[in-house]
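The values are calculated or read from the model by the stated rules, or taken from the named source; none is laboratory data. Note that this is a predicted model, so its numbers are computed, not measured. Cβ: placed from backbone, ideal geometry, glycine included. Neighbour counts: every protein chain shown. Just so you know, the surface numbers come from the protein's heavy atoms only, side chains and all, with ligands and any DNA or RNA stripped out. Shrake-Rupley method; radii C 1.70, N 1.55, O 1.52, S 1.80 Å.
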Amino acid sequence: MMGKSKLERYLQMRREFADKRLINLNPIQRGGVLTEAAKEAIVEFGDGYSTCDWCPPKTSRLDQIERPPIAQFMKDLATFLGMDVARVVTRCREAIFIVFRTLGRPGDYVVVDGLAHYSTYVAAELAGLKVKEVPHGGYPEFKLNLDAYADKMDEVKRETGKLPAAVLLTHVDPTYGNLNDAAAVGKTCREHGVPFLLNAAYTAGVMPVNGEKLGADAIVSSGHKSWAASAPTGILAMKREIADRVLGRSKIVGDWSKRSFPQKECALLGCTVMGAPLLTLMASFPSVVERVGHWGEEVKKARYLVEQLERIEGTRQLGTRPKQHTLIHLESNGLYKVSQTHKRRGFFLYEELKKRNVVGIQPGLTKHFELSTYGLTPEQVTHVASAFHEIAEKYGLSVG
Ligand SMILES: *Cc1c(COP(=O)(O)O)cnc(C)c1O
């Protein structure tokens with residue numbers, strides 16, 4: 001059994017991490033920092049099924065609860081994303097799985113971008129689907145060839161006699177932080193009559209995303225990644241026609257009891273996030289609606305940091321330029337060179353940054369690593385740049 005003291009030690013580390021003095025650059029952590037309102041919600045709604053005291057007896061469904069105002073929230077969420085219907089599920093990947101599973105039949109194809117998150121592939125696999133990938137152009141921009149979506153849909157049609165069950169585009173990919181032209185893919189999908197699923201895990205909640213304008217049939221996102229919410233929370237928002245297919249009601253009848261559950265949305269197994277994480281998402285929502293309006297300033301900070309980091313000998317930003325997102329992929333042959341002779345090898349970078357109160361670069365990495373400036377103050381961004389410059393100079397790299 002794990003003793004209490006051991007957990008306490010991790011809590012202590014976590015507190016140090018969360019402490020304002022430490023700047024966490026890990027891209028997966030930046031958009032999930034809780035608002036004060038969300039922190040309060042955790043305390044108030046921490047007990048078990050805390051959302052369920054006033055569950056409407058007629059349907060007994062989470063999305064119809066009015067106290068707390070979950071039903072209204074789902075409507076507002078859909079509107080915010082330019083969609084008709086929204087549900088909160090446990091994770092972005094679950095939302096992808098639900099769409100794949102309900103739109104596809106085993107053996108069908110989905111067309112996905114070659115920079116999709118691993119969970120996209122695993123979701124397809126669990127749904128019994130095959131993937132056809134849209135390629136990217138490789139080093140150094142890794143730019144996706146979005147024109148290939150049409151070719152790939154035609155290819156699936158030629159090979160199998162039917163169109164793919166769905167198309168998925170990762171709006172901003174998690175490796176290079178490239179922003180893709182979703183509207184272009186939306187148009188291609190409409191022309192082909194194939195449902196278009198936009199994975200907005202790194203975009204919705206931090207930057208403006210309107211599914212109507214982008215021609216998306218469904219949008220999925222991650223509450224703990226981009227909506228100032230606790231894990232696990234995922235967002236599934238859809239146009240009406242797709243929602244009718246994805247959220248089909250249960251039809252099963254007990255063979256002996258004749259019990260049936262015609263109100264329950266089958267793919268959601270009835271209810272999903274029935275406690276504190278949902279309430280953090282709801283509590284942060286007004287701030288999220290407000291913050292996407294400041295996206296331009298966020299991108300400026302990212303560009304500034306790229307400019308500063310590229311002053312370091314042998315260092316360049318990979319992915320498309322200039323940055324249109326705060327997730328930065330850096331290649332540093334300079335820092336890598338230092339690691340080759342340093343007694344701490346690749347760990348020197350993590351350790352030197354930590355001494356300067358900067359964390360979140362994966363320990364051991366020097367040649368390729370990711371970071372994000374999202375939500376940092378300008379002073380914090382300047383501090384990060386200086387920390388890197390100091391470290392570079394300490395180990396004899398020039399800073400131009
Ligand atoms: C982080 C991420 C995911 C996974 O999100 P979860 O909510 O943890 O499932 C999926 N897709 C992309 C593009 C991501 O960046």
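Only residues that are in a helix (DSSP H, G or I) and more than 30 Å from Phe369 (Cβ to Cβ): list them for segment 185-229, please. Don't jump to the end; show me each part of the working.
Residues of segment 185-229 that are in a helix (DSSP H, G or I), as a first pass: 185-192, 211-214, 223-226.
Gly186, Lys187, Thr188, Cys189, Arg190, Glu191, His192, Gly211, Glu212, Lys213, Leu214, listed by residue number.
Residue by residue through segment 17-71, note down the ones that are over 30 Å from Ala302 (Cβ atoms), surrounded by 15 or more Cβ atoms within 10 Å (Cβ to Cβ) and among the charged types (D, E, K, R).
Scanning segment 17-71 gives Arg61, Asp63.
Within segment 111-118, is there a residue that is assigned to a loop (DSSP other than H, G, I, E, B), under 24 Å from Met238 (Cα atoms), within 16 Å of the ligand (Cβ to nearest atom) and not small (Gly, Ala, Ser)?
Checked against the condition, which is being assigned to a loop (DSSP other than H, G, I, E, B), under 24 Å from Met238 (Cα atoms), within 16 Å of the ligand (Cβ to nearest atom) and not small (Gly, Ala, Ser), segment 111-118 yields at least one hit.
Taking into account only those residues within segment 98-110 that are part of a helix (DSSP H, G or I) and touching a strand residue (DSSP E or B) at 6+ places or on another chain (Cβ under 9 Å), which is farthest from the ligand (Cβ to nearest atom)?
If we take residues in segment 98-110 being part of a helix (DSSP H, G or I) and touching a strand residue (DSSP E or B) at 6+ places or on another chain (Cβ under 9 Å), then Leu103 is farthest from the ligand (Cβ to nearest atom).
If we keep just the residues of segment 223-242 that are within 15 Å of the ligand (Cβ to nearest atom) and open to solvent by 10 Å² or more (accessible area, probe 1.4 Å), which is farthest from Val134 (Cα to Cα)?
Residue satisfying both the conditions and the ranking: Ser230.
For segment 228-252, give me each residue that is touching a residue at least 24 places away in the same chain (Cβ under 8 Å) and over 15 Å from Met83 (Cβ atoms).
Step one: of segment 228-252, the residues touching a residue at least 24 places away in the same chain (Cβ under 8 Å) are 228-243, 245-248.
Passing the criteria: Ala228, Ala229, Ser230, Ala231, Pro232, Thr233, Gly248.
Just the residues that are touching a helix residue (DSSP H, G or I) at 6+ places or on another chain (Cβ under 7 Å), in a loop (DSSP other than H, G, I, E, B) and touching a residue at least 24 places away in the same chain (Cβ under 8 Å), please, taken from segment 119-160.
Those that are touching a helix residue (DSSP H, G or I) at 6+ places or on another chain (Cβ under 7 Å), in a loop (DSSP other than H, G, I, E, B) and touching a residue at least 24 places away in the same chain (Cβ under 8 Å): Ala127, Leu129, Leu146.
Only one of Val172, Val220, Val253, Val167 is open to solvent by less than 10 Å² (accessible area, probe 1.4 Å), more than 11 Å from the ligand (Cβ to nearest atom) and modelled with pLDDT of 95 or more. Can you tell me which?
Numbers: Val172 fails: more than 11 Å from the ligand (Cβ to nearest atom); Val220 fails: more than 11 Å from the ligand (Cβ to nearest atom); Val253 fails: open to solvent by less than 10 Å² (accessible area, probe 1.4 Å).
Exactly one residue qualifies, and that residue is Val167.
Return the total of residues in segment 119-164 being small (Gly, Ala, Ser) and more than 16 Å from the ligand (Cβ to nearest atom).
6
Could you grab me the full set of residues in segment 15-43 that are at pLDDT 95 or above and assigned to a helix (DSSP H, G or I)?
Pro27, Ile28, Gln29, Arg30, Glu36, Ala37, Ala38, Lys39, Glu40, Ala41, Ile42, Val43
Can you confirm whether segment 286-296 contains a residue that is buried (at least 19 other Cβ atoms within 10 Å of the Cβ) and away from the ligand (no atom under 16 Å from the Cβ)?
Among the residues of segment 286-296, at least one is buried (at least 19 other Cβ atoms within 10 Å of the Cβ) and away from the ligand (no atom under 16 Å from the Cβ), which makes the answer yes.
If a residue must be within 24 Å of Leu278 (Cα to Cα), in contact (Cβ under 8 Å) with a residue 40 or more places away in the chain and touching a His at 6+ places or on another chain (Cβ under 8 Å), how many such residues does segment 178-199 contain?
Residues that pass the stated criteria total 1.
Looking only at segment 182-209, which residues are more than 16 Å from the ligand (Cβ to nearest atom) and either more than 17 Å from Asp151 (Cα to Cα) or open to solvent by 10 Å² or more (accessible area, probe 1.4 Å) (or both)?
Ala183, Ala184, Lys187, Thr188, Arg190, Glu191, His192, Gly193, Pro195, Pro208
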